[in-house]
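Take a look at the structure below.
The values are calculated or read from the model by the stated rules, or taken from the named source; none is laboratory data. Everything numeric in this text was worked out from a predicted model, so none of it was measured. Every residue, glycine among them, receives a Cβ derived from its backbone with ideal geometry; neighbour counts consider all protein chains shown. Quick note on the areas: whole protein, heavy atoms, side chains included, nothing else; ligands and nucleic acids left out. Shrake-Rupley method; radii C 1.70, N 1.55, O 1.52, S 1.80 Å.
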Amino acid sequence: MELKHVSKYYGEGKNKTAANKDMNFEIEEKEFTVIVGPSGAGKSTVLNLLGGMDSPDEGEIIIDGKNIATYKPKELTKYRREDVGFIFQNYNLIPNLSAKENVEMATEIANNPLNPVEILESVGLGHRLDNFPAQLSGGEQQRVAIARAIATQPKLLLCDEPTGALDYETGKRVLSELHAAIKNYNATVIVITHNRAIADMADRIIDIQDASVRNMEVNPQPSPIE
Ligand code: ADP
Ligand code: ADP
């Protein structure tokens, strides 16, 4: 994928601010990329643009040779459904659906979904299939969210602070689940994080400051999480 001169503005007139300003970077297929940078730098905005949740005001977002910045709402919805998985800090599970039903809902609209029970078993939740989110710990809820996101076998998996609401040890466990899931399903993964351990295991680190890419480095030795 490649971002070329991507800008996204919020507000009007004097209040107009650039959340992304002339953003440029390239990511190889199947890479594990981490986005770092201070709060308000524009990290979530660029993740939303990549996931087709929003469109840029300027620039091109080339994914698999197609510029998704030109997509009409209908095409964007199709792209989001078929190609993208999301994992958020606050899990975003549906409270009145069980763990299994939360995953099933995602697979119902997918072309080539994995079996919801098998995928929940693979993240260690085989004994929690019929529990509701409120009956699960934070770490368990995030593993349901991971199962839901990868159940549709998305080509692109986008994670916004996936361990931000978890304590350090639980965060590390959730990460190793995420890492294993990536290995099994071969997705391109982009994670916004403040967690140093995640940055250390990434293939590529993009540092965003003041709405632009300040630095990008390829990690010569990505370290797996133990
Ligand atoms: P980060 O994820 O790095 O914390 P964001 O991408 O969320 O940063 O935000 C970048 C800037 O854009 C911030 O100044 C934020 O206030 C602004 N912003 C983000 N989303 C909106 C929105 N929906 N409406 C108005 N301003 C927004
Ligand atoms: P983790 O380390 O995965 O976050 P916890 O130590 O928080 O797990 O939780 C241990 C067990 O207690 C979990 O199996 C979870 O299902 C259960 N549990 C945690 N919080 C709640 C809750 N609010 N209501 C019911 N069960 C809970």
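If I compute solvent accessible area with a 1.4 Å probe over the protein chains, what percent of it on the chain is carbon and sulfur?
Values: 5120 of 11250 Å².
C and S atoms contribute 46 percent here.
Could you provide, to the nearest whole Å², the per residue accessible area of region 165-226 with probe 1.4 Å? Intermediate results must be reported in sequence, preceding the final value.
Numbers: 3270 Å² over 62 residues.
Result: 53 Å² per residue.
Just to confirm the number: angle between the C-alpha axis of helix 73-83 and the first principal axis of the chain, 0 to 90 degrees, nearest 10?
That helix lies at roughly 50 degrees to the long axis.
Let me know the charge dipole size of the chain about its Cα centre in debye, to the nearest 20, where only the beta-carbon of Lys, Arg (+1) and Asp, Glu (-1) is charged. List each step's numbers first, then the result.
Working: 24 positive and 33 negative charges, 78 e Å.
Approximately 380 debye in magnitude.
Compute the angle between helix 138-151 and the longest alpha-carbon principal axis of the chain, please, reported from 0 to 90 degrees and rounded to the nearest 10.
70
To test your reading of the geometry: what angle, between 0 and 90 degrees and rounded to tens, separates the Cα axis of helix 168-185 from the longest principal axis of the chain?
80
With runs of 4+ DSSP H residues as the only contributors, calculate the mean residue ellipticity of the chain at 222 nm using -39,500 (n - 2.57) per run, divided by the residue total and rounded to the nearest 500.
Values: 7 runs with 74 residues, N = 226.
Helix contribution divided over all residues of the chain: -10000 deg cm²/dmol.
Given a 1.4 angstrom probe, what's the average accessible area per residue across region 1-80, in square angstrom?
Working: 4270 Å² over 80 residues.
For region 1-80, the solvent-accessible area averages 53 Å² per residue.
Restricting to bridges with both residues inside region 55-202, how much of the DSSP beta-bridge set is antiparallel, in percent to the nearest 5?
15
Arrange the peptides 2-10, 125-133 so that the one whose residues have, on average, the most other Cβ atoms within 10 Å appears first.
On the way: 2-10: 17.4, 125-133: 15.7.
Highest-to-lowest ranking by the protection proxy: 2-10, 125-133.
Can you tell me, using C-alpha contacts under 8 Å and at least 6 residues apart, the relative contact order of region 134-226 as a whole percent?
Numbers: 100 pairs, mean separation 23.6, N = 93.
In percent, rounded to a whole number, it is 25.
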